[in-house]
Amino acid sequence: MQEEMQEGSGRSRKTAALVIFGISGIICLVAALFYVRYKNTHISTDDAYIDGRVHTVAAKVPGTVRQVHVADNQLVKKGDLILEIDAADYDVRMDEAESGLETEQAKLVEAEVRIETARKQLSELGYRLEASRANLELQEANLRQADWDIKRAEKLFQQEAISRERYEKTKTGHDVIAAQVKAARDQVRQVEMSLETQKSLIRQAESARASQGSTVRKNQSVLKSAALNMSYTNIYAPSDGYITKKSVEPGNQIQAGQPLMAIVPLEELWITANYKETQLTRVKAGQKVKISVDTYPGKKFSGRVDSIMAGTGSVFSLFPAENATGNFVKVVQRIPVKIVLDRDTDPEHVLRVGMSVEPTIRIQ
């Protein structure tokens, strides 16, 4: 009886072991199937980091830093005053430019007045020329009559029809009228010469005005440049974001183009993931992505594939690989993929540029 019980107990243990082994095998098989399915529908990489826009703040004009209104890691809004440069020198240049412009504008007004006066004088000379020509025509008509009278008087004198006294009187009248015609012609020529001289003076005055106008415009440009440089003494935040890499303090002497700090807008972040080229066969824009961040273990962020770079990372490196030397070793290339984060990402877990992440793309 005891032997039968022991024999039954042994069979039960064998059966239980077989059941456990079978269940374990099924679990392993299911797990393997799930793993294979997961690997076929998801791709991931740990060669990824958070990327973003970094706005470098640089001085546009040289000078001495008067005041810095921000500190490292401070949040600023677009348009906030973040730094002031001593504007004393630029204020002096503004005053000089304004004074120079006023002087040149006064000279331009004087040139305009001279032209206006010269044109009035030209108009008066025009009237004088018309009057002189009219007088010349009248005197020439009188001379024609005097010519006829002297010819008639000569004929009558030869016929002794008139006295010598009358003849001489007629001849004297003719000579007087001839002298008046000559004087009228000289007057016309003189007025014509004065008219041409006045026209030449007007052309010179207009040329001087054009030159002065150019000088005024040049001084306006100088004033505009001075005002622009004056405005550059106040530096404002180009965007919302956090101040980083601040390298300037009050009293520092800075140069134009010198980087002073950077602003990083954390609301405009994305992920640059360097996937192997063999992983990207079925990757397309719009596919969903789950992201693990080393800083926040257990926290998952969501996003989507935005785009795939047009070339591998090595193509855009400073020293691209040269494979034409005969010592070629094939290496799987990596292609950067841009992944944008969903806007409803947890705001309590702040992401920062440069953080290491592991994105997983669901490709089906």
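The values are calculated or read from the model by the stated rules, or taken from the named source; none is laboratory data. Computed from a prediction, not measured in an experiment: that's the story for all the values here. Neighbour counts are summed over all protein chains in view; Cβ atoms, including those assigned to glycine, are modelled from backbone coordinates with ideal geometry.
Could you please let me know if LYS246 is farther than 30 Å from ASP89 by Cβ and either loosely packed, with under 13 Cβ neighbours inside 10 Å or in contact (Cβ under 8 Å) with a residue 60 or more places away in the chain (or both)? If you could, list the steps in order and put the result at the bottom.
On the way: farther than 30 Å from ASP89 by Cβ: no; either loosely packed, with under 13 Cβ neighbours inside 10 Å or in contact (Cβ under 8 Å) with a residue 60 or more places away in the chain (or both): yes.
No: the conditions fail for LYS246.
In this structure, does LEU81 turn out to be modelled with pLDDT under 95, surrounded by fewer than 18 Cβ atoms within 10 Å (Cβ to Cβ) and among the aliphatic types (A, V, I, L, M)? Break it down stepwise before answering.
Working: modelled with pLDDT under 95: no; surrounded by fewer than 18 Cβ atoms within 10 Å (Cβ to Cβ): yes; among the aliphatic types (A, V, I, L, M): yes.
Answer is no for this residue.
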- prompt: Here are ASP47, ASP51, ASP89: which of them is free of Cβ contacts under 8 Å to residues at least 40 places away in the same chain and surrounded by 14 or more Cβ atoms within 10 Å (Cβ to Cβ)?
  reply: ASP89
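This table checks each residue for (1) crowded, with 16+ Cβ neighbours inside 10 Å; (2) assigned to a helix (DSSP H, G or I).
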| position | (1), (2) |
| --- | --- |
| LEU138 | no, yes |
| ARG144 | no, yes |
| ASP147 | no, yes |
| ARG152 | no, yes |
| ALA161 | no, no |
| HIS174 | yes, yes |
| ALA178 | yes, yes |
| ARG189 | no, yes |
| ARG203 | no, yes |
- prompt: Inside region 54-113, can you point out the residues that are of a type outside the set (Asp, Glu), part of a loop (DSSP other than H, G, I, E, B) and within 23 Å of ALA256 (Cβ to Cβ)?
  reply: VAL54, ALA59, LYS60, VAL61, PRO62, HIS69, VAL70, LYS78, GLY79, ALA87
message: Quick check on my filter: what residues within region 338-364 are modelled with pLDDT of 90 or more, among the hydrophobic types (A, V, I, L, M, F, W, C) and farther than 14 Å from LYS290 by Cβ?
response: VAL353, MET355
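Here is a list: ILE254, ILE235. Which entry is in contact with a Ser or Thr (Cβ under 9 Å, 6 or more places away or on another chain) and within 18 Å of GLN67 (Cα to Cα)?
On the way: ILE235 fails: in contact with a Ser or Thr (Cβ under 9 Å, 6 or more places away or on another chain).
Just a single option satisfies the conditions, and that option is ILE254.
Quick check: is even one residue across region 102-118 among the small types (Gly, Ala, Ser) and under 30 Å from ALA237 (Cα atoms)?
Applying the first criterion (among the small types (Gly, Ala, Ser)) to region 102-118 yields 106, 111, 118.
When the remaining residues are screened for being under 30 Å from ALA237 (Cα atoms), the result is none.
The answer is no; no qualifying residue exists.
May I ask you to say which residue of LYS199, LYS245, LYS182, LYS224 is modelled with pLDDT of 90 or more and either touching a strand residue (DSSP E or B) at 6+ places or on another chain (Cβ under 9 Å) or not assigned by TED's automatic domain parsing to the domain that holds GLU110 (or both)?
Numbers: LYS199 fails: either touching a strand residue (DSSP E or B) at 6+ places or on another chain (Cβ under 9 Å) or not assigned by TED's automatic domain parsing to the domain that holds GLU110 (or both); LYS182 fails: either touching a strand residue (DSSP E or B) at 6+ places or on another chain (Cβ under 9 Å) or not assigned by TED's automatic domain parsing to the domain that holds GLU110 (or both); LYS224 fails: either touching a strand residue (DSSP E or B) at 6+ places or on another chain (Cβ under 9 Å) or not assigned by TED's automatic domain parsing to the domain that holds GLU110 (or both).
It is LYS245.
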task: Working carefully through the options LYS284, LYS299, find the one that is farther than 30 Å from GLU84 by Cβ and surrounded by 12 or more Cβ atoms within 10 Å (Cβ to Cβ).
output: LYS299
